Amino acid sequence: MDNSLHKEFVLERYKSGESGFSNFKEPTFDIPSTRFDKVEKQKIFEHAEWCDKLPSGHFCLEYLTKRKIPQKFHSKLLFTQHYKQFCDTLVPNHGKTIVDDARLVIPFYDKYNDLIAVSGRALETSDKTLRYVTLRTNDSKDKLLYGMDRVNLSETVRIVEGPIDSLFLSNCIASGDANLVLTSDEISSDKKVLIFDNEPRNKEIVKMMQNAIRLGNDIVIWPNNIAGKDINEIILGGITSDELEGIISSNTFSGLQAQTKFVFWKKV
């Protein structure tokens, strides 16, 4: 491809006594293989600030503290005083009707750390507007999954419903809805545990859990002494993350054992 470099190469070979017909040595090239690791990206958003940069006493920080969200995740969450302006700048012509209120913003990233969506949780107007408003930042039709930028697929992957719930467990992703089986099918991991909300009176969750057991999934059947309908409520009830990890490990079942535990759970 480069004639001048090739001539230099041939000349060097002749100087060392090599030719195409005698003393020929096959050249070796030490070229490092291309890596496709996750790339940490520093992101700056207009009309929003990372929660770990907010001043002490800020009402969004007070909200995070009230919900006992681990401080290590404050740098992964955003606050905006104007959610509509934030969304309009991020995705112009998105076509959604969005109230310009103050919200906690949960960014969704894919496994390459590329932003794929944002979800805004109302902080002051949740009684008047939609509590959560989610906006995709790309045209993908794939199911939105939260936590794919942090999960290690070579280890056991926990799958929960809510993004905030996922922050309390190690190696955990969130489905965003109760269809954890569909989410599990999207994850290329050999070991997955489905953790549905603790709502035996919710017909949709009962149906989804029954289907998960039928398909042979490992699922958590919450013991009767656990109060709280989801992970965050259980934490707020006084159980630590470490204790919760132990409860999940000792109450994960599959097959006939899961079916037996499930029958008793839904009668509570």
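The values are calculated or read from the model by the stated rules, or taken from the named source; none is laboratory data. It should be emphasised that the depicted structure is a prediction, and the values quoted were computed from it without experimental measurement. Using ideal geometry, Cβ is built from the backbone for each residue, glycine included, and neighbour counts are taken over all protein chains shown. The protein model used for the area step is the full one, side chains on, heavy atoms only, and it has no ligands, DNA or RNA in it. Shrake-Rupley method; radii C 1.70, N 1.55, O 1.52, S 1.80 Å.
Part of a helix (DSSP H, G or I), out of contact with any Leu (no Cβ under 6 Å at 6 or more places or on another chain), closer than 28 Å to Val133 by Cβ and of a type in the set (Val, Ile, Thr): does that describe Ile205?
Numbers: part of a helix (DSSP H, G or I): yes; out of contact with any Leu (no Cβ under 6 Å at 6 or more places or on another chain): yes; closer than 28 Å to Val133 by Cβ: yes; of a type in the set (Val, Ile, Thr): yes.
Yes.
If I filter segment 210-222 down to residues being under 13 Å from Thr252 (Cβ atoms) and part of a helix (DSSP H, G or I), which single residue comes out as farthest from the chain's Cα centre (by Cα)?
Ile213
Of the residues that make up segment 170-192, is at least one in contact with a Pro (Cβ under 7 Å, 6 or more places away or on another chain), buried (at least 18 other Cβ atoms within 10 Å of the Cβ), modelled with pLDDT of 95 or more and not in a helix (DSSP H, G or I)?
yes
Return a yes/no flag: does segment 150-161 have any residue that is hydroxyl-bearing (Ser, Thr, Tyr), surrounded by 18 or more Cβ atoms within 10 Å (Cβ to Cβ) and either at pLDDT 90 or above or more than 16 Å from Leu78 (Cα to Cα) (or both). Break it down stepwise before answering.
Initial filter on segment 150-161 (hydroxyl-bearing (Ser, Thr, Tyr)): 154, 156.
Adding the requirement that they be surrounded by 18 or more Cβ atoms within 10 Å (Cβ to Cβ) leaves none.
The answer is no; no qualifying residue exists.
Here is a check on your reading of the model: is Asp52 at pLDDT 90 or above, of a type in the set (D, E, K, R) and either in a helix (DSSP H, G or I) or under 46 Å from the mean Cα position of the chain (by Cα) (or both)? Walk me through it before giving the result.
Values: at pLDDT 90 or above: yes; of a type in the set (D, E, K, R): yes; either in a helix (DSSP H, G or I) or under 46 Å from the mean Cα position of the chain (by Cα) (or both): yes.
Yes: the conditions hold for Asp52.
Could you please find all residues in segment 92-128 being part of a strand (DSSP E or B) and either among the hydrophobic types (A, V, I, L, M, F, W, C) or over 25 Å from the mean Cα position of the chain (by Cα) (or both)? Walk me through how you get there before you give the answer.
Initially, segment 92-128 is screened for residues part of a strand (DSSP E or B), giving 103-109, 115-122.
Across segment 92-128, the qualifying residues are Leu104, Val105, Ile106, Phe108, Leu115, Ile116, Ala117, Val118, Ala122.
Restricting to segment 60-84, name every residue that is touching a strand residue (DSSP E or B) at 6+ places or on another chain (Cβ under 7 Å), assigned to a helix (DSSP H, G or I), open to solvent by 10 Å² or more (accessible area, probe 1.4 Å) and under 22 Å from Tyr109 (Cα atoms).
Narrowing segment 60-84 to residues touching a strand residue (DSSP E or B) at 6+ places or on another chain (Cβ under 7 Å): 60, 63, 75, 77-80, 83.
Add one more test, that the residue is assigned to a helix (DSSP H, G or I), and what stays is 60, 63, 75, 83.
Among the residues that remain, those that are also open to solvent by 10 Å² or more (accessible area, probe 1.4 Å) are: 63, 75.
Hit for segment 60-84 is Ser75, nothing else.
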